[in-house]
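Undergrad: Please read through the structure below; I'll follow up with questions.
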Amino acid sequence: METVTEGIKDYGFKVQRQGNGVLKAYDLLFAGYGFQTTTFNFVSNKLFCVEFSQHFTAKNSAFNRYNEIKNDLTKKYGQLKDGSDEELHYYYWSDDDNTVSISMSKNVELSRAGASFFYVNLIYINRELSRKESEKGIGAL
């Protein structure tokens with residue numbers, strides 16, 4: 001967690017701790033794309049999930065960014081799987097160790113004055129560490 005924090009600061013970006021095992025960074029540039037919010041999740045001080053998020057007020061702008069990133073992911077990982085439905089545009093690639101996904105969704109509840117925001121999220125997950133994180137919550141049952 002300290003390594004990620006220092007690395008983000010070294011590039012001149014703002015980073016904040018958000019509770020146990022979570023860092024938030026703002027206005028990061030990743031793979032040539034700007035993201036307003038980036039969330040880093042850790043379990044046992046190991047990074048298991050990074051979510052890059054950008055919101056747009058225009059659906060067209062969000063959809064264009066979503067498609068650009070989806071095309072870049074397809075070039076890198078090969079054919080992506082479609083998990084889309086009526087509410088969420090969603091493509092992902094997965095192997096035994098990791099999952100990468102790109103999604104676009106609309107959220108009115110989080111917006112000001114009832115305006116719609118369209119969110120594009122790029123997520124990288126280490127499946128084994130993610131499983132360990134989810135087991136922490138199950139242990140209380």
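The values are calculated or read from the model by the stated rules, or taken from the named source; none is laboratory data. None of the values given here were measured: they were computed from a predicted structure. As a convention, Cβ positions derive from the backbone with ideal geometry for all residues, glycine included, and neighbour counts pool all protein chains shown. Heavy atoms of the whole protein, side chains included, go into the accessibility calculation; ligands, DNA and RNA do not. Shrake-Rupley method; radii C 1.70, N 1.55, O 1.52, S 1.80 Å.
Undergrad: Only one of Phe35, Phe30, Phe48, Phe42 is of a type outside the set (D, E, K, R) and over 19 Å from Thr99 (Cα atoms). Can you tell me which?
TA: Phe35
Undergrad: So which of Leu80, Leu47, Leu73, Leu110 ends up being open to solvent by 60 Å² or more (accessible area, probe 1.4 Å), among the hydrophobic types (A, V, I, L, M, F, W, C) and at pLDDT 90 or above?
TA: None of the other options fit; the residue is Leu47.
Undergrad: Kindly indicate the residue of region 1-32 that is of a type in the set (Phe, Trp, Tyr) and without any contact (Cβ under 8 Å) to a residue 40 or more places away in the chain and also most open to solvent (accessible area, probe 1.4 Å) among those meeting that condition. Before you say what the answer is, go through the steps one by one.
TA: To start, the set of residues in region 1-32 that are of a type in the set (Phe, Trp, Tyr) comprises 11, 13, 26, 30.
If we keep only those that are without any contact (Cβ under 8 Å) to a residue 40 or more places away in the chain as well, we get 11, 13, 26.
Working: Tyr11: 182, Phe13: 59, Tyr26: 67 Å².
Selected residue: Tyr11.
Undergrad: Residues of region 61-98 being assigned to a strand (DSSP E or B) and out of contact with any helix residue (DSSP H, G or I) (no Cβ under 7 Å at 6 or more places or on another chain), which ones?
TA: Once the filter is applied, which keeps residues that are assigned to a strand (DSSP E or B) and out of contact with any helix residue (DSSP H, G or I) (no Cβ under 7 Å at 6 or more places or on another chain), region 61-98 yields Lys81, Asp82, Leu88, Tyr90, Tyr92, Ser94.
Undergrad: Can you find a residue in region 100-109 that is over 13 Å from the mean Cα position of the chain (by Cα) and either under 22 Å from Glu128 (Cβ atoms) or free of Cβ contacts under 8 Å to residues at least 12 places away in the same chain (or both)?
TA: Among the residues of region 100-109, at least one is over 13 Å from the mean Cα position of the chain (by Cα) and either under 22 Å from Glu128 (Cβ atoms) or free of Cβ contacts under 8 Å to residues at least 12 places away in the same chain (or both), which makes the answer yes.
Undergrad: Next question, about the same structure. Please go through (1) within 14 Å of the chain's Cα centre (by Cα); (2) open to solvent by 60 Å² or more (accessible area, probe 1.4 Å); (3) modelled with pLDDT of 95 or more for Ile123 and return the number of the only condition it doesn't satisfy.
TA: (2)
Undergrad: Determine whether His55 is open to solvent by less than 90 Å² (accessible area, probe 1.4 Å), within 17 Å of Asn121 (Cβ to Cβ), modelled with pLDDT under 90 and outside any loop (DSSP other than H, G, I, E, B).
TA: No, not satisfied.
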